[in-house]
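Here the structure comes first, spelled out in structure tokens, and everything after it is commentary.
The values are calculated or read from the model by the stated rules, or taken from the named source; none is laboratory data. Source: prediction; values computed, not measured. Here the Cβ is made from the backbone with ideal geometry for all residues, glycine too, and neighbour counts use every protein chain on show.
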């Protein structure tokens, strides 16, 4: 027997339906994974609302989970039956008790990592890994700004940046979240209601920033540009407040010959070697204690709608998992 959360049409959380679905058999190159925990991420909201298009309907959303390999298809060498595994790349389909996925998208989890941690850390953690190791390799002595610093990626990114020797500015929505992020490596916790560019100018003594990591999108985009030093890089990796539209590319010239990128984990882990490397980067900093994975909320998978409501209302901190 197998159950999943499916959407038959895009819309609000009420569009997610818990129903019985067939248990798939792995095709050549695939593995069947029995999920132990499923990660909750904002990209799930994008697929649910239609901002990102599902390949077909009805669709099982979800990008990330951990579990045990239950069966393998012909030609699979990356994993074997009984392996503890996790994944955090497409295609969608994680909101299920079990699913098939290409075996080369799976990474083996160290025994020290729990299923809950594995489900909570892979998408957010490997996102943080490519952002801070490849997209912009932050270095000791630099000052960086991280929006939504109390979120799943934000908490990991803040700790990682601090571990690398950066001065970390974190932007959050409430004083309670400010206290939280200061416990996770943030040196300066700013509120979204602050004059953020003015505070950055004060903190950096006018030098401004080489990079801003921004997952908020539309509401913070121009603010982020105003925090950058000349030639600075704006990394826009999420749309929590809606998609970004740049009305005039000349704004980048006017604000200091700035750079903007819109990277995705899928691109940065498209090759298996890169996928394994980013997973190993993550496992290393978590195992060392430099980055702590906080699973601060858990819901039954069948109650995924409640989890989406809390996420969109910005009532969650750290990571959230869904338990089959």
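Quick grid of which residues meet (1) touching a residue at least 60 places away in the same chain (Cβ under 8 Å); (2) in contact with a helix residue (DSSP H, G or I) (Cβ under 9 Å, 6 or more places away or on another chain); (3) surrounded by fewer than 18 Cβ atoms within 10 Å (Cβ to Cβ); (4) not in a strand (DSSP E or B):
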{"site": "168", "(1), (2), (3), (4)": "no, yes, no, no"}
{"site": "185", "(1), (2), (3), (4)": "no, yes, no, yes"}
{"site": "199", "(1), (2), (3), (4)": "no, no, yes, yes"}
{"site": "223", "(1), (2), (3), (4)": "no, yes, no, yes"}
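The set of residues in the stretch 204-221 being in contact with a helix residue (DSSP H, G or I) (Cβ under 9 Å, 6 or more places away or on another chain) and part of a loop (DSSP other than H, G, I, E, B) consists of 207, 208, 215, 216, 220.
Return a yes/no flag: does the stretch 8-19 have any residue that is in a loop (DSSP other than H, G, I, E, B), more than 21 Å from the chain's Cα centre (by Cα), more than 28 Å from residue 296 (Cβ to Cβ) and touching a residue at least 60 places away in the same chain (Cβ under 8 Å). No: zero hits.
Test residue 140 against the criterion of being out of contact with any strand residue (DSSP E or B) (no Cβ under 9 Å at 6 or more places or on another chain), touching a residue at least 24 places away in the same chain (Cβ under 8 Å) and either crowded, with 24+ Cβ neighbours inside 10 Å or more than 30 Å from residue 11 (Cα to Cα) (or both), and give yes or no. Don't jump to the end; show me each part of the working.
On the way: out of contact with any strand residue (DSSP E or B) (no Cβ under 9 Å at 6 or more places or on another chain): yes; touching a residue at least 24 places away in the same chain (Cβ under 8 Å): yes; either crowded, with 24+ Cβ neighbours inside 10 Å or more than 30 Å from residue 11 (Cα to Cα) (or both): yes.
Yes.
Could you tell me whether the stretch 228-246 includes any residue that is out of contact with any helix residue (DSSP H, G or I) (no Cβ under 7 Å at 6 or more places or on another chain), over 24 Å from residue 190 (Cα atoms) and at pLDDT below 95? For the stretch 228-246, residues out of contact with any helix residue (DSSP H, G or I) (no Cβ under 7 Å at 6 or more places or on another chain), over 24 Å from residue 190 (Cα atoms) and at pLDDT below 95: present.
Determine, yes or no, whether residue 255 is assigned by TED's automatic domain parsing to the domain that holds residue 66, surrounded by 12 or more Cβ atoms within 10 Å (Cβ to Cβ) and either closer than 20 Å to residue 170 by Cβ or more than 19 Å from the chain's Cα centre (by Cα) (or both). No: the conditions fail for residue 255.
Being under 22 Å from residue 236 (Cβ atoms) and either at pLDDT below 95 or not in a loop (DSSP other than H, G, I, E, B) (or both) is the filter here; which residues of the stretch 150-166 pass it? Write out each step before concluding.
Residues of the stretch 150-166 that are under 22 Å from residue 236 (Cβ atoms), as a first pass: 150-161, 164, 166.
Answer for the stretch 150-166, where residues must be under 22 Å from residue 236 (Cβ atoms) and either at pLDDT below 95 or not in a loop (DSSP other than H, G, I, E, B) (or both): 150, 151, 152, 153, 154, 155, 156, 157, 158, 159, 160, 161.
Among the residues of the stretch 86-108, the ones that are over 15 Å from the mean Cα position of the chain (by Cα) and under 18 Å from residue 25 (Cα atoms) come to 14 in all.
The residues listed here are 305, 310; of these, the one that is more than 18 Å from the chain's Cα centre (by Cα), within 28 Å of residue 96 (Cα to Cα) and in contact (Cβ under 8 Å) with a residue 12 or more places away in the chain is 305.
Scanning the stretch 3-22 for residues that are out of contact with any helix residue (DSSP H, G or I) (no Cβ under 8 Å at 6 or more places or on another chain) and crowded, with 17+ Cβ neighbours inside 10 Å yields 4, 6, 21. A single member of 155, 164 is out of contact with any strand residue (DSSP E or B) (no Cβ under 6 Å at 6 or more places or on another chain) and without any contact (Cβ under 8 Å) to a residue 40 or more places away in the chain, and it is 164.
Among the candidates 98, 59, which residue alone is crowded, with 17+ Cβ neighbours inside 10 Å, at pLDDT 95 or above, touching a helix residue (DSSP H, G or I) at 6+ places or on another chain (Cβ under 8 Å) and not assigned by TED's automatic domain parsing to the domain that holds residue 239?
59
Test residue 189 against the stated conditions and say whether it is in a strand (DSSP E or B), surrounded by fewer than 24 Cβ atoms within 10 Å (Cβ to Cβ) and either touching a strand residue (DSSP E or B) at 6+ places or on another chain (Cβ under 7 Å) or in the same structural domain as residue 223 (by TED's automatic domain parsing) (or both). For residue 189, the condition - in a strand (DSSP E or B), surrounded by fewer than 24 Cβ atoms within 10 Å (Cβ to Cβ) and either touching a strand residue (DSSP E or B) at 6+ places or on another chain (Cβ under 7 Å) or in the same structural domain as residue 223 (by TED's automatic domain parsing) (or both) - is met. Applying the set (1) in contact with a strand residue (DSSP E or B) (Cβ under 6 Å, 6 or more places away or on another chain); (2) free of Cβ contacts under 8 Å to residues at least 24 places away in the same chain to residue 253 leaves exactly one unmet item: (1).
Going by the conditions given, is residue 49 surrounded by fewer than 18 Cβ atoms within 10 Å (Cβ to Cβ), in contact with a helix residue (DSSP H, G or I) (Cβ under 8 Å, 6 or more places away or on another chain) and at pLDDT 95 or above? Criteria not met by residue 49.
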